[in-house]
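Quick notes on the structure that follows.
Nothing in this text is a laboratory measurement; each read-out follows from the coordinates by a stated rule. Only a predicted model underlies this, so the values are computations on that prediction, with no experimental measurement involved. Heads up, the Cβs are rebuilt from the backbone with ideal geometry, glycines too, and the neighbour counts pull from every protein chain shown.
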Amino acid sequence: MTRPKWAARMPFGPLRIFATGVAMGIADVVPGVSGGTMAFILGIYEYLLNAIKSFNLDVVKLLLQFKFKAVLEQVPWQFLLVLLVGIGSAVFTLAHVVSWLLVHQTILLFAFFFGLILASILAIGATVRWSATTIVALIIGTAVAYLIVGLVPLDMPNDPLTLLLSGMVAIMAMILPGISGSFILLILGQYEFALNAVKTLDVVSIMALGTGAVIGIMGFARVLSWLLKHYHQATVALLVGFMIGSLRKIWPWKETVMTMIDRHGVEVPLLQHNVLPDFSSPQFFAAVALCVLGFFIVTLIDHLQSKSNPVLRLVGRNRRKADVMAAD
């Protein structure tokens, strides 16, 4: 059995893959931010989908025949291993930190990610050939994400079967730029339980979620890969729309208009509205600074990768015009 051409060479260095995994892990812990967004803007998205697709029936047959060497020749295991180590490192080491920030510094945390996603929208949107079809796809993606992130969280049980099904649904969102797998878990009433399971190393719950995630990602990665292959421009526009719609969820300033008591006796927000900030507060300026920092980080990373970031190109053109005018 010959090795797939796309898997013959890993096009990214281990450090870049690990850093991308860390970024994906951090994003996946925060409800409203998608790890798929990080993979998308850091340039590994389509390769990641192909790597997931490599786990097919042939690989299963080889595993059942204990032909492990042949399996390693069929899948880009180095890429996936380093990426998973990065994701796992972020999730297991930062779950406590992010959990604390979500409770005590929500505005600052969401402001940083708002800047990340805003820069991602501009960077990826600039690569789309805009037409009637891609504009419609953008509108559909925006509307779908906007509606999803506005859903009211459910109060569901935490048994292994529910966790397995929740993992399947969440992983589909997790690899979609713009729609957060963590937020899907939040809607399904599983987010707090899953975060505590990671912090307390609840093996049964983690295994149930993980099994669901594996099942979900195997099927959904194939759907996304097929769409990107046959309808690349429209699919990218749809994904950009998902990111635009998700901004509703991570707008930093919110007003809680309705709460509920969950089964653990904890009061949690049930319905929130986005509001304008207090422009005179010190926290507002700190949030803006973090938003700008997030925007700059993504813009710089994209430019180093593509050499054609739209924001830096615009800045460069304006600087050249200013130099010409000064010379005259």
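Structure summary
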quantity	calculated
Fluctuation leader among T37, T93, T134 - the chain, Gaussian network, Cα springs under 10 angstrom	T93
Over the stretch 91-211, volume per residue of the alpha carbon convex hull, in Å³	124
Amide H contacts under 5 Å for F55, placed H, 5+ residues apart	none
Whichever lysines have a C-alpha closer than 29 Å to that of K53, once near sequence neighbours (fewer than 8 apart) are set aside	K5, K61, K67, K69, K229
Rg(Cα) / (2.2 N^0.38 Å) computed for the stretch 156-209, rounded to two decimals	1.03
Selection from L118, T37, S131, by position along the positive dipole direction of the stretch 5-327 (Cβ)	S131
Principal axis box of the stretch 25-119, alpha-carbon based, largest edge first, Å	52, 27, 18
Residue-by-residue Karplus 3J(HN,Hα) for the stretch 131-147, coefficients 6.51, -1.76, 1.60, Hz, glycine and proline x	8, 4, 5, 5, 5, 4, 4, 4, 5, 4, x, 5, 5, 4, 5, 4, 6
Spin-label model distance (nm) - R248 vs A143, 7 Å beyond Cα toward Cβ	1.2
Check: the stretch 5-327 dipole with +1 on Lys, Arg Cβ and -1 on Asp, Glu Cβ, in debye	1400
Between the stretch 161-202 and the stretch 101-151, the Cα center-to-center distance that results, in Å	20
Exposed-loop-free span, longest in the chain, where trypsin sites (Lys or Arg not before Pro) count as exposed if DSSP calls them loop and at most 13 other C-beta atoms lie within 10 Å	130-262
Answer label, with percent of Cα pairs over 36 Å apart calculated from the coordinates and candidates [x] 48; [y] 18; [z] 21	[z]
Positive-end extreme of charge dipole, the chain - chosen from L63, G245, I187 (charges on Cβ)	L63
For the chain, calculated [θ]222 nm from helices alone, where every DSSP H run of n ≥ 4 adds -39500 (n - 2.57)	-23500 deg cm²/dmol
Options Y47, M174, S89, ranked by Cα towards positive dipole end of the stretch 5-327, top entry (Cβ charges)	Y47
Among 20-28, 185-193, the order from most to least packed when residues are scored by Cβ within 10 Å on average	20-28, 185-193
